[in-house]
1. Looking at the range 27-39, which of its residues are in a loop (DSSP other than H, G, I, E, B) and surrounded by 12 or more Cβ atoms within 10 Å (Cβ to Cβ)?
2. Do you know which residues across the range 40-80 are assigned to a loop (DSSP other than H, G, I, E, B) and open to solvent by less than 50 Å² (accessible area, probe 1.4 Å)?
3. Take the conditions surrounded by 15 or more Cβ atoms within 10 Å (Cβ to Cβ) and assigned to a helix (DSSP H, G or I) and apply them to Ala21. Does it pass?
4. How many residues are out of contact with any Leu (no Cβ under 6 Å at 6 or more places or on another chain), of a type in the set (A, V, I, L, M) and either within 16 Å of the ligand (Cβ to nearest atom) or open to solvent by 60 Å² or more (accessible area, probe 1.4 Å) (or both) if we restrict to the range 81-95?
5. Can you go through Ala17, Ala29 and tell me which one is small (Gly, Ala, Ser) and within 13 Å of the ligand (Cβ to nearest atom)?
6. Condition (residue is open to solvent by 60 Å² or more (accessible area, probe 1.4 Å), touching a Pro at 6+ places or on another chain (Cβ under 8 Å) and part of a loop (DSSP other than H, G, I, E, B)) applied to the range 1-18: is it met by at least one residue?
7. Restricting to the range 45-67, name every residue that is more than 10 Å from the ligand (Cβ to nearest atom) and β-branched (Val, Ile, Thr).
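The values are calculated or read from the model by the stated rules, or taken from the named source; none is laboratory data. Everything quoted here is computed from the prediction, not taken from an experiment. Methodologically, a virtual Cβ is constructed for each residue, glycine included, from the backbone with ideal geometry; neighbour enumeration extends over all protein chains shown. Accessible surface areas use protein heavy atoms only, side chains included; no ligands, DNA or RNA. Shrake-Rupley method; radii C 1.70, N 1.55, O 1.52, S 1.80 Å.
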Amino acid sequence: MLFKVEMKVNLPHGMPAEVAAEIKAREKAYAQELQNQGKWRHLWRVAGSYANVSIFDVADNTELQELISALPLFPYMDISVAPLCRHPSSIHEDDS
Ligand SMILES: O=C(O)C[C@H]1C=CC(=O)O1
């Protein structure tokens, strides 16, 4: 199942720089692991914002919840999720 996931990062202003750097490093490693597994298909920065738009390819809602809630930045993000399905006008046969 494909999901569009939008994440907006809101780190507390008082968070020490080294703590933020450590969380971001763990986040990057985990995000790249999920991309290598094919579960995090697309990861795009929203220009001008500390936010991303992503496409996840997972078995079901439960797997999505498990993966997202394990993100090191999860406590500091506003996240919205929308399920996707194939568009009838799409020419891309792998849109499923
Ligand atoms: O930077 C972000 O958009 C937040 C998060 C998503 C992937 C990652 O490495 O960090």
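1. Lys39
2. Ser49, Val58, Leu71, Pro72, Leu73
3. On the way: surrounded by 15 or more Cβ atoms within 10 Å (Cβ to Cβ): no; assigned to a helix (DSSP H, G or I): yes.
When the stated conditions are applied, Ala21 does not pass them.
4. Within the range 81-95, residues that are out of contact with any Leu (no Cβ under 6 Å at 6 or more places or on another chain), of a type in the set (A, V, I, L, M) and either within 16 Å of the ligand (Cβ to nearest atom) or open to solvent by 60 Å² or more (accessible area, probe 1.4 Å) (or both) number 2.
5. Details: Ala17 fails: within 13 Å of the ligand (Cβ to nearest atom).
Answer to the selection: Ala29.
6. Taking every residue of the range 1-18 in turn, at least one turns out to be open to solvent by 60 Å² or more (accessible area, probe 1.4 Å), touching a Pro at 6+ places or on another chain (Cβ under 8 Å) and part of a loop (DSSP other than H, G, I, E, B).
7. Ile55, Val58, Thr62
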